[in-house]
1. Given 0.36 nm per residue, what is the gain on full extension from Asp50 to Gln135 after removing their alpha carbon distance, in nm?
2. Pairs of alpha-carbon atoms within less than 8 angstrom and 6+ residues apart define the contacts here; what relative contact order does the chain have, in percent?
3. Net charge around Arg214, counting only other residues with Cβ within less than 11 Å of its Cβ (Lys, Arg = +1; Asp, Glu = -1)?
4. How big is the Cα convex hull of the stretch 69-238 in projection, averaged over all directions, in nm²?
5. Residues of the stretch 87-126 with backbone nitrogen within less than 20 Å of a virtual label 7 Å along the Cα-to-Cβ line of Leu237, please, listed as ranges.
6. For the peptides 232-239, 192-199, what is the packing order when you average, over each peptide's residues, the other Cβ atoms within 10 Å and list the highest mean first?
7. Given the stretch 69-238, what count of lysine pairs have C-alpha atoms under 18 Å apart, with each pair 8 or more places apart or on different chains?
8. Give me a comma-separated list of calculated 3J(HN,Hα) values for the stretch 154-162, in order, Karplus coefficients 6.51, -1.76, 1.60 applied at θ = phi - 60°, integers in Hz, x for any Gly or Pro.
Amino acid sequence: MEQFYALFEQVFAQNDLQPHVNEQNAATFEKLCSHILEVNKVHNLTAIRDVPGVVAKHFADSLTVAAFIPDGASVIDVGTGGGFPTLPLAVARQDLHITAIDSTAKKIAHVQNTAQLFGLSNVKAIACRAEELAQTTARESFDVATARAVSELRILCEITLPFVKVGGKLLAMKAASGEKELADASNAIFKLGGKLTVVHKFTLKDANGNQEERCIIEIAKVKQTPNNFPRQYAQILKKPL
Ligand code: SAM
C-alpha cells in the first residue's frame, strides 16, 4: 500500500490531479489496478501491463477530463473499451452518473463486472453501437459525452454529439494530433449542432519522467442535432461530414 500510495501521489501531483489524492482513493485505485492487470492476463483489454503504466496512462490520463465536467452531471462515455475514462471517473467523481458504451460485448462485460465488484453504483454499462443507441430515448439526454482515443474527430462528433443535450458538451480526449483533426471537423461540428469552445492542451507525465502531449477538445452543444444524424456507420465512414 505505501509503495502504491507514493507512486499514485507522485503521478497525480505531476499531472495537477491533487484534488483526487486521498487515502481512500489510493486504496481503491490500488485494488482497481491489480484487478485490471489480472483480468488483462486473460482478456487482453489493454496494452499497458505494469502498475506505473496503469497509474499514469489509464488513471491519471482518464482523470484529466474531470475538471471540465460539472457537478452531478450525467455522462455518456462512448467507446469506453476496458473502462476509460469511465472507471477512474466513477471512483474519483461519485457525484457523476456515467453510462459507458462500447460495441464490443466482452469489454462491456468487464466494465460491468468491475463496477459491481467495486460498488460503483454510478456506472451503467451497455453493449451497443453508438449510432444505434443515439436513435433511441438516449438521444439528447446527457449533460456530457466523453470519448478517449475513439475515432477521428469528425466521425467522433457524429457518434457522440447526438447524445448531448443542448447546453451540454462533448469532451474529446485525444493525443496531440487531435488538434490537427479540428480543421477537418468544422463542418461536422456545425451540422451536428456543436460549437468549438476550447482546446485544453497538456503534457501527461509518468513516474519515469516520460512525457506525452495530449489535448481535450471541448465542443458545446448549441442546437439540436438534425434527426438524420447519426447515419449508419458504413455511411459515416464512407462520407464523413
Ligand atoms: N476509451 C478506451 C480507452 O481509452 O482505453 C478505449 C479506446 S479503443 C481504442 C476504442 C473503442 O471504441 C473500442 O473499444 C471500440 O469497440 C469502440 N468503438 C468504436 N466505434 C464505436 C461505435 N460506433 N459504437 C460503440 N463503440 C465504438
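Just so you know, all these numbers are worked out from the coordinates, no wet-lab data involved. Note that the structure is a prediction, hence the values are computed from the model and not measured. Here the Cβ is made from the backbone with ideal geometry for all residues, glycine too, and neighbour counts use every protein chain on show.
1. Working: separation 85, 0.36 × 85 = 30.60 nm, distance 3.93 nm.
Computed gain between Asp50 and Gln135 is 26.7 nm.
2. On the way: 454 pairs, mean separation 40.6, N = 241.
The normalised contact order for the chain reaches 17 percent.
3. Numbers: positive: Lys57, Arg148, Lys174, Lys201, Lys205; negative: Asp61, Glu179, Glu212, Glu213.
Here the count lands on +1.
4. Details: hull surface 39.9 nm².
Its average projected convex-hull area is 10.0 nm².
5. 101-108
6. Working: 232-239: 12.4, 192-199: 17.2.
Averaged packing, sorted descending, gives the order 192-199, 232-239.
7. 21
8. 5, 6, 4, 4, 5, 8, 10, 4, x
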